[in-house]
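Here's the structure, in structure tokens; my notes come after.
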Amino acid sequence: MLECMFDYKGVSPTAGLEITPQPSRSRIHELQQRVQRMQGPAVSRTLESLPGLSGVIQLRTGEVYAVDSPSLATALVAGPSQAGDWIAFVGVPDLGLEAAAQFGIDLDRTVVVPRPGELWLSVTAGLLDVAAVVVVKPPVLVTAQQAERLKSRLRMKDAALVCWGEWPRPDATLAITESSWLGLGRGHGRLTARRVVVSVRQGGPVRHVSLWLPGVDQQVAERDHEVIPLVVAQAG
């Protein structure tokens, strides 16, 4: 890309100056992100989120979020991914790439390290150089010292961390307390939507939010009213 920006082969000696193609907005955004990380500490900023999660929680750089399920982790990082940020998954060997794509994750900007082993901490820290959000599933209990080291690096690299599992003093904790699937009749049908209740602890009292994760349209959204699919209604 940088070679294209400084390519003067397109200059015509007879027509004078010829303008070469400019990089796309997504490429400019990517370069800005890398420059910010190379310059050092950055002011915490709010990352993009899926429309259905904007009223539930919004990720901010420099912070750590603990979740108890892969679906929550995937939904949280889908927003930054759709906005053009790089994301990464560390220590999640059973990650379903097809399911991640259905949540809206851009696989072309996703780094997956399924089995980092004992190097999970250094791998996670290294990926913060390029990824705006890293999802990690630690293979062991994380110590307070390890958590503080990564926290400092998050602030320095202008990135966020989503931990699938327990984390010492996270900035927010999200957990699924209720879950049910829709779409199955009496011995037939297929799963079409999932209703969940998510508890959100972030500074104040615990909030409980009802979500489609996902809905019948495969979108994540707050569940403000009940929708009973036809196959369920017919099955009684």
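For this structure, a couple of remarks:
- Residue within the stretch 156-165 that is within 18 Å of residue 57 (Cβ to Cβ), in contact (Cβ under 8 Å) with a residue 60 or more places away in the chain and surrounded by fewer than 20 Cβ atoms within 10 Å (Cβ to Cβ) present: yes
- Residue match in the stretch 102-113 (condition: on the phi > 0 side of the Ramachandran plot, part of a loop (DSSP other than H, G, I, E, B) and open to solvent by less than 50 Å² (accessible area, probe 1.4 Å)): yes
- In the stretch 86-100, the residues that are surrounded by 14 or more Cβ atoms within 10 Å (Cβ to Cβ) and either among the hydrophobic types (A, V, I, L, M, F, W, C) or under 12 Å from the mean Cα position of the chain (by Cα) (or both): 86, 87, 88, 89, 90, 92, 95, 100
- Test: residue in the stretch 68-85 that is touching a residue at least 60 places away in the same chain (Cβ under 8 Å) and either in a strand (DSSP E or B) or farther than 24 Å from residue 217 by Cβ (or both): yes
- Candidate set: the stretch 141-155, residues that are touching a helix residue (DSSP H, G or I) at 6+ places or on another chain (Cβ under 9 Å) and free of Cβ contacts under 8 Å to residues at least 40 places away in the same chain; chosen: the one surrounded by the most Cβ atoms within 10 Å (Cβ to Cβ): 142
- Look at the stretch 170-184: where a residue is free of Cβ contacts under 8 Å to residues at least 40 places away in the same chain and a partner is surrounded by 14 or more Cβ atoms within 10 Å (Cβ to Cβ) and in a strand (DSSP E or B), sitting 6+ places away or on another chain with Cβ atoms under 6 Å, you get 177/197; 177/199; 178/197; 179/196; 180/195; 181/194.
- Each residue in the stretch 42-85 was checked for being among the small types (Gly, Ala, Ser), within 20 Å of residue 128 (Cβ to Cβ) and surrounded by 17 or more Cβ atoms within 10 Å (Cβ to Cβ), and 8 pass.
- Residue 169 being part of a loop (DSSP other than H, G, I, E, B), open to solvent by 60 Å² or more (accessible area, probe 1.4 Å) and not aliphatic (A, V, I, L, M): yes
The values are calculated or read from the model by the stated rules, or taken from the named source; none is laboratory data. Because the structure is a prediction, the values reported are computed rather than measured. Every residue, glycine as well, gets a Cβ built from its backbone with ideal geometry; the counts of neighbours run over all protein chains shown. Keep in mind that these areas ignore ligands, DNA and RNA; they rest on the heavy atoms of the full protein, side chains included. Shrake-Rupley method; radii C 1.70, N 1.55, O 1.52, S 1.80 Å.
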